[in-house]
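Below: one structure, written as structure tokens.
Read the figures in this text as sums done on the coordinates, not as results from a lab. Everything numeric in this text was worked out from a predicted model, so none of it was measured. Every residue, glycine among them, receives a Cβ derived from its backbone with ideal geometry; neighbour counts consider all protein chains shown.
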Amino acid sequence: MKLRRLLASATPWHTLFGKIFLWFWLSSLLIMAITNVVVKSVNKPFQLTEPTDIQVTTLVSHAHRVLDLYDLYGEDAFAELAHLNERERIQVYLVDENLTVIGTPRPPRAVFPLLAGLLNQEQPMIGTWQREIWMGPASIELSGHPFHILIRGIAEDADLPMASSYSESVIFAIALILSGLLSGILAWSFSRPLKQFRLASQKLANGNLSTRVGQSLTNRLDEFGSLGRDFDHMADRLQNLVSAQQRLLGNVSHELRSPITRIQVALGIAIQKAGPEAENILMRIERETIKLEVMIAQVLRLSRLENQMQDLQKKRVDLNQLLEQLADDAHFEAQASHKQVVFTPSGNNWVCGESTLLHSAIENVVRNGIRFTEENTSVDISTRALTFEGCKKVEIVVRDHGPGAPEDMLERLFEPFYRAVDNTSDGGAGLGLSIARQVVTRHGGFISARNHLSGGLEVVIQLLDCEATGGSDADAPCQ
Amino acid sequence: MPTQSKNRLLLIDDDKSLGQLLQEYLEIEGFRLDLAPNGATGIQKADKQYELILLDVMMPDMNGFEVLKHIRQSGNKTPILMLTAKGDEMDRVLGLELGADDYLPKPYSHRELVARIRALIRRSHIDADDAPKHIQLDLNSVHLDTATHTVKVNDVLLEFTTTEFRVLQALMQEAGSVVDKNALNIAALGRPIELYDRSIDMHVSNLRKKIAQVAGDDPKIRTIRGVGYLFVTGASDS
């Protein structure tokens, strides 16, 4: 997972934007290249440009040379011309009105349309075919017959610069930039709404149920628009459901508690009015009522915690300060039953999370310890820093001096309503440890129980060190 | 305090059958309980002399906080015991902030209720007994007078609830030394501190806020972590 994410951030083709952009750009470049080849292979009207004075001079001097050769050798001049063409950088062709090449070997057939184009010109012009540069015509008269001189050079030739090749590379560069720009806009038009969706669903997942994708998306007429409307509809439903559930929770809390309060007060009256024989049984009713209330409170607390954890606001929490206060309070409670709570801090420990949730999780574990530790013994809380699989963690160990639990039951201690010891009068509802597990797991931590070698239960809570998680980053590598 | 108010309590709660039960139960315990089935009636009745008002938070139409605000804004300083939903920290904090003296989470056992009522009443009786002594304290530009029940900070008169007044008095009487939370709790609420009980911290926090309105950043009350609070005697030791 980690590697894939890293790759995606480094390589554009792992993002939708990159994919669309690169594919579109490459395909448009490919189309341009193919078109270029096809067009060049099919005859097309050649682009003719005007030659410079030097080029004209070159043409004229070659024409004079042909005339000189003809004066010297007569009909043999054509063979001499062919001979010269083989050696010279610039080849000279002599053609008549019908484009029949005189004396020298014919140039390739494909170049003839260009040559025909040149012949139609009154002024000498330059045209290119592949890497050959052609120039002409220069008209001469040999023995009273009109002929035309055309000369040919290869593109590297300094005398005949690649006029149209140059413009071609400029056109290519412009096409490259333009098609790149257009591909970018296309790709962006796809990836931008998707990013909006992503942000919205992230917010929604983090518990901000009033999140909507916004009008810029829902007003669109395309598929993104309908997706946006569906998304908002979904968010509406979700928000309604959750708020209905929360209302129900509040109502249940109030509705269940009112009768319990009434029972409590009625019991008070009954105890006052009844004789001593009834008192024991009335006290029993009272104890059971209190237990009922404790259970309702914990169930409600569990659902509240779950709601709260939907929208976990992680902050840096000073674990030592939290544990110190917790131990103080718990010690106060434990003293009433001749037990102690001792906290031994070690170093500075910072964890990431919501301090009230973490407090209640650890508090539940400590209370559990107080319940089971023997009289005149202590519940010991200690911390230590450790590194596990490259992640810095903080371990909190809560140890009691009680009976411990059977080995095969250790895992079940964290199940709701599970009791290792069947003790119905201790006031516990059997939810404390499962609440603790909920909270710790939600914080990316880990909780387990084991028996201490010299007796008693040891509950171990591992939480991520805050430095390691880099603040509230949900994508942190150690998560 | 007029004798007719002796052991007379007012319950503002929409749960009528609970009210009747409480009436009967508290009568056995020696209290007379008047009932107000809603906030508006409660505010009307609160004007009469009661030793204590029991105020439920969860009520339709006008909730307990609004009733509390009305009662306190009219200058009524009768001790108020808020009956809050259990586990709802916000309710407690808000209630104490608005000037309630103590809270009791619902559902409460009849014993707890009577204990709380007795504690608050005992506390206000100690006040009444103290009154003739007429204590005046003048420390670090804070002036406290038990006869007029007034506090002036930098010569500005500040409004405090009865409990806040008692907290300040307890701290000023021991100025310069730490008053532990339990002692402060007994002095202000008439009962020892309970587990996970933050009400005294809330009262101190309210005191600080009110004093800071006048005194600004000059802290008069310092927190001694894990122990309690200390009233700063002068500029020299801050």
query: Quick one: length gained pulling A:SER139 to A:GLU223 fully straight, 0.36 nm per residue minus the C-alpha distance?
result: 23.5 nm
message: Distance cut-off 21 Å, Cα to Cα: go down the list B:LYS181/B:LYS220; B:LYS77/B:LYS152; A:LYS315/B:LYS209; B:LYS48/B:LYS152; A:LYS315/A:LYS392 and report the pairs above it.
response: A:LYS315/B:LYS209; B:LYS48/B:LYS152
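Using Cα pairs under 8 angstrom and six or more residues apart, how large is the relative contact order of the stretch A:313-469, in percent?
Dividing the mean separation by the residue count of the stretch A:313-469 yields 25 percent.
Do you know the relative contact order of chain A, to the nearest whole percent, from alpha carbon pairs under 8 angstrom that are 6+ apart? Before the final figure, lay out each step's value.
Details: 627 pairs, mean separation 45.5, N = 479.
After rounding, I find 9 percent.
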task: With springs connecting C-alpha atoms under 10 Å apart, model chain B as a Gaussian network and identify which of B:MET59, B:MET90, B:MET82 has the largest mean-square fluctuation.
output: B:MET90
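Contour minus end-to-end for A:VAL252 and A:PHE332, with contour as 0.36 nm per residue of separation and end-to-end as the Cα-Cα distance?
Separation in residues times 0.36 nm, less the Cα-Cα distance, equals 25.6 nm.
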- line: Distance in nm between A:ALA278 and B:GLN173 label points, each 7 Å along Cα→Cβ, equals 4.5
field: Gaussian network model of chain B, Cα within-10 Å springs - most flexible of B:GLN44, B:GLN136, B:GLN173
entry: B:GLN44
- prompt: Name the residues of the stretch A:177-211 whose amide N is less than 13 Å from a point 7 angstrom out from the Cα of A:SER243 along the C-beta direction?
  reply: A:209-211
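At R0 = 25 Å, how high is the FRET efficiency between A:ASP71 and A:VAL101 if r is their beta carbon distance? Nearest 0.05 is fine.
Numbers: r = 21 Å, r/R0 = 0.84.
So, using R0 = 25 Å, E works out to roughly 0.75.
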- request: Starting from the Cα of A:ALA33, step 7 Å along the direction of its Cβ; do the same at A:VAL342; then give the gap between the two resulting points in nm.
  value: 7.8
statement: Of all DSSP beta bridges having both residues in chain B, the percent classed as antiparallel (nearest 5) is 50
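If you count, for every residue in B:99-108, the Cβ atoms of partner chains within 10 Å of its Cβ, what is the mean? Numbers along the way, then the final one.
Values: counts 0, 0, 0, 0, 0, 0, 2, 8, 16, 6.
Per residue, the average neighbour count from other chains is 3.
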message: Take A:THR387 and A:LEU22, extend 7 Å from each Cα along the Cα→Cβ direction, and tell me the distance between the two endpoints in nm.
response: 3.6
task: Quote the FRET efficiency, to the nearest 0.05, computed for B:ARG8 versus B:THR41 with a Förster distance R0 of 22 Å and r equal to the Cβ-Cβ distance.
output: 0.85
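Rounded, prolate or oblate: pick one for the stretch B:3-129, where a ≥ b ≥ c are the square roots of the eigenvalues of its C-alpha gyration tensor, a/c under 1.5 means rounded, and failing that, prolate if a/b is larger than b/c, else oblate. Mind dumping the intermediate values first?
Working: a/c = 1.25, a/b = 1.14, b/c = 1.10.
Cα axes put the stretch B:3-129 in the rounded bin.
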- request: Provide A:TYR70, B:TYR25, A:TYR418 in ascending order of the number of other Cβ atoms located within 10 Å of each residue's Cβ, fewest first.
  value: A:TYR418, A:TYR70, B:TYR25
query: Using the 10 angstrom Cβ neighbour count as an exposure proxy, how do A:CYS352, A:CYS391 rank, fewest first?
result: A:CYS391, A:CYS352
- request: Rounded to the nearest 0.05, what FRET efficiency do B:MET90 and A:GLN130 give with R0 = 60 Å and r taken as the Cβ-Cβ distance? Could you check?
  value: 0.10
